[in-house]
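Note sheet for the following structure.
No lab work stands behind these numbers, since they all come straight from the coordinates. Just so it is clear, the structure is predicted and the values come from calculations on it, not from any experiment. Heads up, the Cβs are rebuilt from the backbone with ideal geometry, glycines too, and the neighbour counts pull from every protein chain shown.
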Amino acid sequence: MELFVGVGPSRVRDLFAQARQLAPCIVFIDEIDAIGRSRGRGGLIGGNDERENTLNQLLVEMDGFQPNSGVVVLAGTNRVDVLDPALMRPGRFDRQISIDPPDIKGRRDIFLVHLRPIKLDASVDQDSIAKELAARTPGFAGADIANVCNEAALIAARAGAKGVTREHFEAAIDRVVGGIEKKSMVMSPEEKRTVAYHEAGHAVAGWFLENASPLLKVSIVPRGSAALGYAQYQPRDQRLYSREQLLDLMCMTLAGRVSEEIFFGQVSTGAADDFTKITSMAYNQVTQWGMGEALGNMAFQRRNDDATPRFYKPYSDKTAQKIDEEVRQLVSNAYERTRRLLEEKKEQVRLVAEELLTNEMITRESMEALLGKRPFVEHKSFEELAPGLPGIGGDGALAKSKLVKLR
């Protein structure tokens, strides 16, 4: 926002006057939520007059365009939910294009673009490494992929290598996912052992739960600002989940804490992020997805728009108590199921934990060597994840994916 009143609307008028002079042209407004937030906040907080004046001027300018004016107005935002409804009316921003993270085909194509200026080692084929990296980077956006390629080149340069190898790309992915390795941080043997068994619990539970995301890599090397380890999984291309699938995901998330309790008889603070995820999943099942037994097919989702007071809740205190009880029961049932699974697979957890203590990292291939193949059908190579892809390009389809980082 501007320091002086009236400067914002004046700049908007100047922008569109210049656009008319340069027509045909495109006006792109990035982060439009900075000026396009919904006006008014339920009467609780006074609005920013200068911001609202700027928004009003933008609406006036957009209304003044004719279809044949030769000026196209585009805008970008990550917060569509907070935009003023007036911006989305016909004749203004009436077309919305959702851009999700690229799927495996899109990631392969993006890797090929960023690999072209990089000198690869003679043992590395460009197309093969692009496919391999695409399969190992679920959830990565274009900027993340560019960062991986740049980091790999820097790592190779620091090592004095003549070209970038697969090992350099692996190190680059670790750095992008988990952050910079903290070589100065030395964990005590007890702490390192706790982290290893915690991560082993997650890995083994995910290995033997059909609906859990397949493992890509687990590391107990301290990285980033607070992480003592991280795990990377291959998410399913899935948008609808059943109760059974959600239960498997909850059990996998709780497995770190359960493993600590089984092997050490006590628990640590390492499961804080796990509990945040579990609580959110349980509350969503009860309040949004109609999966609760006591409340049945009802939704009590809070509204997140700026016009709704923050203290507002769409249910009574009695209903809130039922929700809390049901959420607590869901988490308790998942915890007991996870305990039974890890008690049964106790030796497998020990094998994985000791491997982590020895090598500080374990991959899918290492897990298969220790535990055998997963007892379920799964896809892990580029060809299996993107069958029938004839060449560069693909069908352009986009699929949401996510990257799970623990603690």
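Using a cutoff of 8 angstrom between alpha carbon atoms and counting only pairs six or more residues apart, the relative contact order for segment 24-178 works out to 21 percent.
The simple spin-label model puts a point 7 Å past each Cα toward its Cβ; for Glu365 and Lys183 those points are separated by 2.5 nm.
With θ taken as phi - 60° and the Karplus curve 6.51 cos²θ - 1.76 cosθ + 1.60 applied, the whole-hertz 3J(HN,Hα) list for segment 101-106 is x, x, 7, 4, 5, x Hz, x standing for glycine and proline. Amide H to amide H, with H built 1.01 Å from N, Tyr233 comes under 5 Å of Leu216, Val404, counting only residues 5 or more places away or on other chains. Model label sites at Asn56 and Ala143, defined 7 Å from Cα along the beta-carbon direction, differ in position by 3.4 nm. As a proxy for reagent exposure, Val27, Val164, Val258, Val186 were ordered by neighbouring Cβ count within 10 angstrom, fewest first; the result is Val186, Val27, Val164, Val258.
Relative contact order of segment 104-178, please, whole-number percent, based on alpha carbon pairs below 8 angstrom and at least 6 residues apart.
Numbers: 75 pairs, mean separation 27.2, N = 75.
Reported as a whole number, the value is 36 percent.
Give the calculated FRET efficiency between Leu15 and Ala157 to the nearest 0.05, with a Förster radius of 45 Å applied to their Cβ-Cβ distance. Working shown, then result.
Working: r = 43 Å, r/R0 = 0.95.
FRET efficiency, Leu15 to Ala157: 0.60.
Label separation (Glu244 vs Ala272): 3.7 nm, computed from points 7 Å beyond Cα along the C-beta direction. Across segment 25-36, computed HN-Hα scalar couplings (Karplus, 6.51 cos²θ - 1.76 cosθ + 1.60, θ = phi - 60°) run 7, 10, 9, 10, 10, 7, 6, 5, 5, 4, 10, x Hz from first to last residue, x flagging Gly and Pro. Close amide H partners of Leu74, meaning residues 5 or more places away or on another chain with modelled amide H under 5 Å apart, are Val27, Phe28, Ile29.
Neighbour counts of other C-beta atoms within 10 Å: give me Glu167, Glu50 arranged from fewest to most.
Values: Glu167 14, Glu50 18.
Starting with the residue having the fewest Cβ neighbours, the order is Glu167, Glu50.
Computed from backbone phi with θ = phi - 60° and the Karplus coefficients 6.51, -1.76 and 1.60, the 3J(HN,Hα) list for segment 366-376 is 5, 4, 5, 5, 7, 10, x, 5, 4, x, 9 Hz; x is used for glycine and proline.
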